[in-house]
Amino acid sequence: MSISLFLHALEQGFVFGIMVLGVFITYKILDFPDLTVEGSFPLGAAVAAKVIASGGDPLWGTFLSMIAASLAGLFTGLLHTKLKLTNLLSGILTMTLLYSVNLRIMGKPNIPLLGKITLLGKIKDYFPNLSMDYLIPFFFLFIVVILKFIIDYFLSTEIGLTIIATGDNEQMIKSLGVNTDFTKIIGLCLSNALVGLSGALFAQYSGFADVNMGLGTVVSGLACVIIGISIIKIPTIFWRTIAVLLGSLVYRLIMIIALRYGYSLGFKPGDLKLISVLLVIIALSVPFIKRKLNFAERYNLGRKDLQNNDGKEV
Amino acid sequence: MLIIKKLTKYFAKNSPHETLALENFNLRIGKGDFITIIGSNGAGKSTLLNLIAGTFQQDKGEIRLSGEMISNLPEYRRARWIGRVFQNPLLGTAPYMTIEENLSLSLKREKRGLRLGINKNLRNFFREKLSELNLGLEDNISKKVGLLSGGQRQAMTMLMATMFKPKVLLLDEHTAALDPESSKKILKLTQNLVIERQGDLITLMVTHNMKQALEVGDRTVMMDRGRNIFDIQGEERKKISVDDLVKQFSILGNRKDNYIEDRMVLI
């Protein structure tokens, strides 16, 4: 495999890794399968592209995209907590609504950013001697690492712990004085802000924003989270955020290899979504199939559940 | 002082399945009182605790704690005064979080901010508190709670419900789902934790065990079909036996069939 292919996987793994961190917060921490991301990813791209295409500061555009996407999360949160819609439906409604909003923001289905001053272009000015091939992955790595530590810290604060507890045992945390409507909304805003940022950076990296670029965000996000967590199994927040980022890299590597070498196997670019769904299904069903195949457990030989009644490790 | 006045609660109101869970229920509880509550299934015992904690909203009536009207506050606002232990040991703790994280969540019940949830001082404080339980949990403070046994989790919930010095402690058959040994331990722990507060705490304990109801605490309330039918304390309570209590129940509950639930006479 060539080095450029690997660098591409790094770039994409990190830039989508920001989105994966967001999906991780809702899906794994809050236990809230949030479909809003399907709309907030292109929303981030749309806002950033609009600002940049009209000659605005790319930093400002990127910042605005985070704000806009977190508002999308807020909207889903309000639908779920105040109007008592189910979490899936709330996400679907917001996602669908955002399609129209994104079209409104962009004014057309696609905004090219070629020749405009993007964040990456600005960074390049600071490091004129470094090749873009190496600068981009380093820049994205830098951002993703900072975000990882911010999330780690936030989730260990008093508020952060209540967000984790909301996903773990909602009835308990209510009886401990937490308004779980509030914690859910905070989690959704934070998650979608990350997804929006990811969209904004991806638009600047790939040189365009498209109204359809969010298609499949949920599935790829889930795939990364699940792959990552099945590679690194240490259940602390510090290691879990590393795990999902690793998952993102592995996923992008698989996708890029599939794109590059898939032709000889008869794959087309349109098959990528199919491949990512198959990845998710395989990753999710492996533990179940393993258990089915485990002879001892299947016939209750050993009865592990009965042997561990003295508070020993289960 | 906890004053419950004319508390009424319906379930499935205005539907064909409407049930009256609590009817004009009155109770005055002084500071330091430890009340045990008995009654058959559906008597409204758990409903009463849920109304005090704010999990349910009453249809009529009011609840005052130290003069302040709390019956219109949401559950999370009342949590700063109220500690709870449920019958199911799995309900009171978050399984995927560590022991210290669970304790940290229960200690500060309002105005949570962006300070770290756990620091060195808190950790030492938690170790000290856990060592009082004599379960060896203080050495496993960063272990996930899901790995503990039911009895250990219930002991932790007891600690979490009292550590922040609440005004009211609500215990809903909190020993019923445990094995006899753990059950005894948790009851002992309950009494110790209540004594520790030296008459500064209001405790309401629901139980199905009549013997326990008379042995623990200093006042017993009997409920039937959402009403307070028998309230006994002091000398009178010391003299009464489980048999007398059962008889009282048949008479006051107006049960012609002399219906007594098996679980109620389990000793």
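Coordinate-derived values only; no laboratory data. Quick caveat: nothing in here was measured; it's all calculated off a predicted structure. Note that we place each Cβ from the backbone using ideal geometry, even for glycine, and neighbour counts take in every protein chain shown.
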Scan around residue B:10 for amide H atoms under 5 Å from its own, H built in the peptide plane at 1.01 Å from N, and keep only partners 5 or more places away or cross-chain. B:21, B:59
Fewest-first sequence of B:132, B:75, B:181 by Cβ atoms within 10 Å of each Cβ: B:181, B:132, B:75
Suppose every K and R has +1 on its Cβ and every D and E has -1 on its Cβ; what is the size of the dipole of the protein assembly as shown about the Cα centre, in Debye to the nearest 20? 360 debye
Of the listed pairs A:82/B:144; B:13/B:45; A:174/B:108; A:82/A:273, those with alpha carbons more than 24 Å apart are A:82/B:144; A:82/A:273
Specify the angular offset, from 0 to 90 degrees and rounded to the nearest 10, of the alpha carbon long axis of helix A:158-168 from the longest principal axis of the alpha carbons in chain A. 60 degrees
I want the antiparallel fraction of DSSP beta bridges within the protein assembly as shown, as a percent rounded to 5. 60 percent
Candidate aspartates and glutamates - alpha carbon under 14 Å from residue B:6, same-chain residues fewer than 8 apart omitted: B:23, B:59, B:62
If you average the C-alpha positions of the stretch B:176-235 and of the stretch B:98-120 separately, how far apart do those two centres end up, in angstrom? 29 Å
Dipole magnitude of chain B about its Cα centre (Cβ charges: Lys, Arg +1; Asp, Glu -1), debye to nearest 20: 880 debye
Calculate one ³J(HN,Hα) per residue across the stretch B:232-245 by plugging θ = phi - 60° into the Karplus curve 6.51 cos²θ - 1.76 cosθ + 1.60, and present them in order as whole Hz with x for glycine and proline. 9, 8, x, 4, 4, 5, 5, 7, 6, 10, 4, 4, 4, 4
Sites excluded, trypsin sites (Lys or Arg not before Pro) in DSSP loops with at most 13 other C-beta within 10 Å, longest stretch of chain B: B:116-254
Summarise the partner chain shielding of B:105-116 as one whole number: the mean count of Cβ atoms from other chains within 10 Å of each residue's Cβ. 5
If the reach is capped at under 16 angstrom between alpha carbons, list the lysines near residue B:184, excluding any in the same chain fewer than eight residues apart. B:211
Which stretch or stretches of the stretch A:232-274 have amide N atoms under 16 Å from the point lying 7 Å from residue A:288's Cα along the Cα→Cβ direction? none
B:25, B:11, B:164 arranged by Cβ crowding within 10 Å, fewest neighbours leading: B:11, B:164, B:25
Residue B:84 long-range amide H proximity, modeled H, under 5 Å: B:170
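Only counting other Cβ atoms within 10 Å, I'd like A:210, A:31, B:172 sorted with the fewest neighbours first.
By the 10 Å Cβ count, ascending: A:31, A:210, B:172.
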Roughly what % antiparallel, to the nearest 5, for the DSSP beta bridges in the stretch B:130-245? 55 percent
Furthest towards positive pole of dipole, A:241, A:270, A:217, structure part chain A, Cβ charges: A:270
Mind pulling up the Rg/Rh value for the stretch A:1-123? Radius of gyration and Kirkwood radius, both on Cα. 1.03
Using only Cα atoms and rounding to the nearest 10 degrees, what angle (0 to 90) does helix A:37-53 make with the longest principal axis of chain A? 20 degrees
Using the Kirkwood radius built from alpha carbon pairs, what does the Stokes-Einstein equation give as D for chain B at 10 °C and 1.306 mPa s, in µm² per second? 82 µm²/s
Can you list the lysines whose alpha carbon sits under 25 Å from that of residue A:50, skipping same-chain ones fewer than 8 residues off? A:108, A:116, A:122, A:124
Rounding to the nearest 20 debye, state how big the charge dipole of chain A is about its Cα centre with +1 on each Lys and Arg Cβ and -1 on each Asp and Glu Cβ. 540 debye
Quick one: Cα centre-to-centre distance for the stretch B:33-53 and the stretch A:168-220, in angstrom? 42 Å
Between the helical axis of A:132-155 and the dominant principal axis of chain A, each derived from Cα atoms, what acute angle in degrees is found, rounded to the nearest 10? 40 degrees
Equivalent-ellipsoid semi-axes of the stretch A:3-303, from the Cα gyration tensor, Å, largest first: 31, 25, 19
Taking only the Cα positions of the protein assembly as shown, the convex hull volume per residue in Å³ is 203 Å³
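Give the percent of DSSP beta bridges with both residues in chain B that are antiparallel, rounded to the nearest 5.
Antiparallel bridges make up about 55 percent of those DSSP assigns within chain B.
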